[in-house]
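Working notes for the structure below.
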Amino acid sequence: MSIASNIQQLKSGIPAHVTLVAVSKTKPVEAIREAYDAGQRVFGENKVQEMADKYEQLPKDIEWHLIGHLQTNKVKYIAPFVHLIHSIDSVKLLQEINKQAKKNDRVIDCLLQVHIAKEETKFGMDFEEVNALLGSEELRSFENVSIRGLMGMATFTEDETTIHNEFRSLSQFFKQKKNEIRTAQFDILSMGMSGDYRIAIEEGSTMIRVGSSIFGAR
Ligand SMILES: *Cc1c(COP(=O)(O)O)cnc(C)c1O
């Protein structure tokens, strides 16, 4: 199967309100160009340097999403162009994003990464930490960041019940926060990858991040 037909097949199988982020990490610019020529404009990368390099080489109407862990000292490299950062896990990181966004005269959209999986290794905050962050005075002073929603990853398992339960808990939490935060635009729930995006959509995902089902195994 070609990249173009993989994208077409994926798009025809997901509802129109769900955004497809094509995760192109480790893949060459030629592969991204193929997806671009098939109409795909939203791409996800997990490394700052790789994303910045690809941004330089590819058409400027691509929306670049950072989906991997972000260190504060690297924010400056993506601040001029990043469209959405999915991996916010601290106020300190938001503070730096706010600073760099201001320098670039932009408002940068961000998602808070929530830890919902059983694995220890996955990044993100728990529900209480997210509550604390959303309620903090400091957040309100960040004029150049916009918290647009939440991101989460389910446990890597064959057990679909576990995946359903984890995505459902995040989805319920998202709806609750959406009701509380009436002033800002809070409308993105990023959940679902190649192996579990169908379940994620059933549980209310509005944005899926799919790599290997489009570009092949890494
Ligand atoms: C790599 C990655 C994906 C895509 O994974 P696939 O299984 O290849 O679809 C999605 N989200 C994050 C955070 C990733 O790091």
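Quick note: the coordinates plus some simple rules give every number you see, no bench work behind them. All of these numbers come straight from a predicted model, not from anything done at the bench. We place every Cβ from the backbone using ideal geometry, glycine too, and count neighbours over all the protein chains shown.
General observations
- With one equal scatterer per alpha carbon and no solvent term, the Debye-computed log10 I(q)/I(0) for the chain at 0.10, 0.11, 0.12 1/Å reads -0.42, -0.51, -0.61.
- Separation of alpha-carbon centers, segment 101-139 and segment 164-218, rounded to whole Å: 15
- For the chain, a Gaussian network of Cα nodes joined below 10 Å ranks 60, 25, 74 by mean-square fluctuation, and the top entry is 60.
- Gyration tensor over alpha-carbon atoms, segment 59-133, equivalent ellipsoid semi-axes in Å: 23, 14, 10
- Additional length obtainable on full extension of the chain from residue 162 to residue 182, 0.36 nm per residue less Cα span: 4.1 nm
- Calculated from backbone phi, Karplus (6.51, -1.76, 1.60) coupling profile of segment 36-47 in Hz, x at Gly/Pro: 4, 5, 8, x, 6, 10, 10, 10, x, 10, 10, 10
- Flagged links, alpha-carbon separation over 24 Å, of 76/175; 47/76; 25/178; 54/178: 76/175; 25/178; 54/178
- Residues whose placed amide H lies under 5 Å from that of residue 125, excluding near-sequence neighbours: 113, 114, 115
- Across all directions, the shadow cast by the convex hull of segment 159-218 built on its C-alpha atoms averages 4.7 square nanometres.
- Residues within the reach of a label modelled at residue 169 (point 7 angstrom out along Cα to beta-carbon, backbone nitrogen below 17 Å), restricted to segment 110-146, are 113-132.
- Using only alpha-carbon positions in segment 51-102, the gyration tensor eigenvalues give semi-axes of 20, 11, 9 Å once each is multiplied by 5 and square-rooted (largest first).
- Stokes-Einstein D in µm²/s, Kirkwood radius over Cα pairs - segment 1-92 at 25 °C with 0.890 mPa s viscosity: 177
- Computed from the alpha carbon atoms alone, the convex hull of segment 111-202 holds 101 Å³ per residue.
- Where GluC sites (Glu not before Pro) in DSSP loops with at most 10 other Cβ within 10 Å are excluded, longest remaining stretch of the chain: 1-119
- When only the Cβ of Lys, Arg, Asp and Glu is charged (+1, +1, -1, -1), the dipole of the chain relative to its Cα centre reaches about 560 debye.
- Estimated from helical segments only, the mean residue ellipticity of the chain at 222 nm is -12000 deg cm²/dmol, where each DSSP H run of four or more residues counts as -39500 (n - 2.57).
- Total formal charge among the other residues, if their Cβ is under 12 angstrom from that of residue 188, Lys/Arg +1 and Asp/Glu -1: +2
- Normalised size of segment 37-166, defined as Cα radius of gyration per 2.2 N^0.38 Å with N residues, equals 1.11.
- Across the alpha-carbon atoms of segment 1-50, the computed radius of gyration and Dmax are 11.2, 33 angstrom.
- Remark: segment 56-64, residue by residue, has Karplus-estimated 3J(HN,Hα) of 4, 8, 10, x, 7, 8, 6, 8, 9 Hz, where x stands for each Gly or Pro and the curve is 6.51 cos²θ - 1.76 cosθ + 1.60 at θ = phi - 60°.
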